Amino acid sequence: MVGLPNGQFAENCWLIADPRNRDAVIVDPGEEPERFLAELDARRWTLRAIWLTHAHVDHILGVAAIKCATGAPVYLHPDDRPLYDALPDQGAWFGIRADPPPVPDHPLVGGQRLTVGGVEFMVRHTPGHSPGSVSFLGPGTIFGGDVLFNGSIGRTDLPGGDFATLMRSIQRDFLSLPDSTVVRSGHGPETTVGVERLTNPFLTGAYRLE
């Protein structure tokens with residue numbers, strides 16, 4: 001597994017591989033697809049899928065280039081399809097030219113099981129930051145997109161965001177995990193469920209939902 005912070009949004013793109021057979025997936029390819037492809041090539045990993053935690057511009061700018069170069073299928077929750085299709089408009093808000101992305105190949109649903117080689121992940125539908133936000137729960141770790149950060153949470157002031165929904169997702173799908181679970185987010189450094197449970201002001205203070 002390797003994290004690749006990239007672009008003007010400092011978005012974390014993740015490459016996950018099974019070292020036994022070198023099969024890999026990419027989670028949230030952002031603004032620097034050439035860099036992601038070079039990393040795959042340097043490690044001699046074969047990309048099998050593109051998994052998207054959600055469809056905000058900073059997480060999907062590289063999807064078209066990665067799919068064109070590798071043919072890997074795109075996985076997206078249907079509730080984020082409107083955001084995904086609006087990529088050119090999202091890009092325009094930030095002065096970024098973006099062509100329409102390729103049509104997603106497979107829907108993601110909560111409870112779905114995915115594999116990277118012989119490593120299994122479970123999809124958790126974790127809305128609130130966006131309607132179709134998902135997290136990928138694997139052995140000892142969760143790739144959570146923009147749901148829970150080190151010391152913070154995902155913003156909910158964008159179209160489709162909802163604070164109460166996000167907090168319920170965190171309570172149900174993150175705080176139910178062992179404290180040792182490593183949280184690998186869409187921005188910033190990794191953390192653990194235990195650290196966030198004890199120190200994250202949104203989980204310990206006035207913001208907390210009872």
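The values are calculated or read from the model by the stated rules, or taken from the named source; none is laboratory data. As the structure is a computational prediction, the values presented were derived from the model and not from experiment. As a convention, Cβ positions derive from the backbone with ideal geometry for all residues, glycine included, and neighbour counts pool all protein chains shown.
Identify all residues within the range 94-108 that are surrounded by 21 or more Cβ atoms within 10 Å (Cβ to Cβ) and either farther than 23 Å from residue 148 by Cβ or touching a residue at least 60 places away in the same chain (Cβ under 8 Å) (or both); write none if there are none.
Result: 101, 104.
Let's see how each residue does on (1) over 19 Å from residue 51 (Cβ atoms); (2) in contact with a Pro (Cβ under 6 Å, 6 or more places away or on another chain); (3) free of Cβ contacts under 8 Å to residues at least 40 places away in the same chain; (4) not in a strand (DSSP E or B):
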position: 157; (1), (2), (3), (4): yes, no, yes, yes
position: 160; (1), (2), (3), (4): yes, yes, no, yes
position: 164; (1), (2), (3), (4): yes, no, no, yes
position: 170; (1), (2), (3), (4): yes, no, no, yes
position: 179; (1), (2), (3), (4): yes, no, yes, yes
position: 183; (1), (2), (3), (4): no, no, no, no
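Go through the range 121-136 and count every residue that is assigned to a strand (DSSP E or B) and under 23 Å from residue 66 (Cβ atoms). Don't jump to the end; show me each part of the working.
In the first step, residues of the range 121-136 are kept if they are assigned to a strand (DSSP E or B); the result is 121-125, 134-136.
Remaining after also requiring under 23 Å from residue 66 (Cβ atoms): 121, 123, 134-136.
Total satisfying the criteria: 5.
Taking only the range 147-162 into account, find how many residues are crowded, with 18+ Cβ neighbours inside 10 Å, modelled with pLDDT of 95 or more and over 17 Å from residue 175 (Cβ atoms).
1
Return the residue satisfying two criteria in turn: it lies in the range 23-39 and is in contact with a helix residue (DSSP H, G or I) (Cβ under 8 Å, 6 or more places away or on another chain) and not acidic (Asp, Glu), and of such residues it is farthest from residue 11 (Cα to Cα).
Filtering first and then ranking leaves 24.
Checking the conditions here, which among 174, 136 is more than 21 Å from residue 8 (Cα to Cα), touching a residue at least 60 places away in the same chain (Cβ under 8 Å), of a type outside the set (A, V, I, L, M) and crowded, with 20+ Cβ neighbours inside 10 Å?
Numbers: 174 fails: touching a residue at least 60 places away in the same chain (Cβ under 8 Å).
After ruling out the rest, the residue left standing is 136.
Find all pairs meeting these conditions: Cβ atoms under 9 angstrom apart; at least six residues apart or on different chains; first residue within the range 1-16 and assigned to a loop (DSSP other than H, G, I, E, B) and modelled with pLDDT of 95 or more; second residue surrounded by fewer than 16 Cβ atoms within 10 Å (Cβ to Cβ) and of a type in the set (D, E, K, R).
Close Cβ pairs (under 9 Å, with a partner that is surrounded by fewer than 16 Cβ atoms within 10 Å (Cβ to Cβ) and of a type in the set (D, E, K, R)) do not exist here.
Among the residues of the range 1-16, count how many are over 16 Å from residue 58 (Cα atoms) and crowded, with 23+ Cβ neighbours inside 10 Å.
Going through the range 1-16 one residue at a time, the tally reaches 1.
How many residues does the range 16-54 hold that are under 19 Å from residue 105 (Cβ atoms) and within 11 Å of the chain's Cα centre (by Cα)?
Of the residues in the range 16-54, 9 are under 19 Å from residue 105 (Cβ atoms) and within 11 Å of the chain's Cα centre (by Cα).
Pairs, please: C-beta under 8 Å, at least 6 apart or cross-chain, first residue in contact (Cβ under 8 Å) with a residue 40 or more places away in the chain and in the range 56-67, second among the hydroxyl-bearing types (Ser, Thr, Tyr) and part of a helix (DSSP H, G or I)?
60/84
So, residue 111, is that one more than 17 Å from residue 50 (Cα to Cα), touching a Ser or Thr at 6+ places or on another chain (Cβ under 6 Å) and in a loop (DSSP other than H, G, I, E, B) or not?
Here the answer is no, as residue 111 does not meet what is asked.
Looking only at the range 84-93, decide whether some residue is surrounded by 15 or more Cβ atoms within 10 Å (Cβ to Cβ), modelled with pLDDT of 95 or more and among the hydrophobic types (A, V, I, L, M, F, W, C).
yes
Considering each residue of the range 57-100, count those that are over 17 Å from the mean Cα position of the chain (by Cα) and in a loop (DSSP other than H, G, I, E, B), and give that number.
9
Please state which one of 43, 22 is of a type in the set (Lys, Arg), surrounded by fewer than 21 Cβ atoms within 10 Å (Cβ to Cβ) and at positive phi.
Details: 43 fails: at positive phi.
It is 22.
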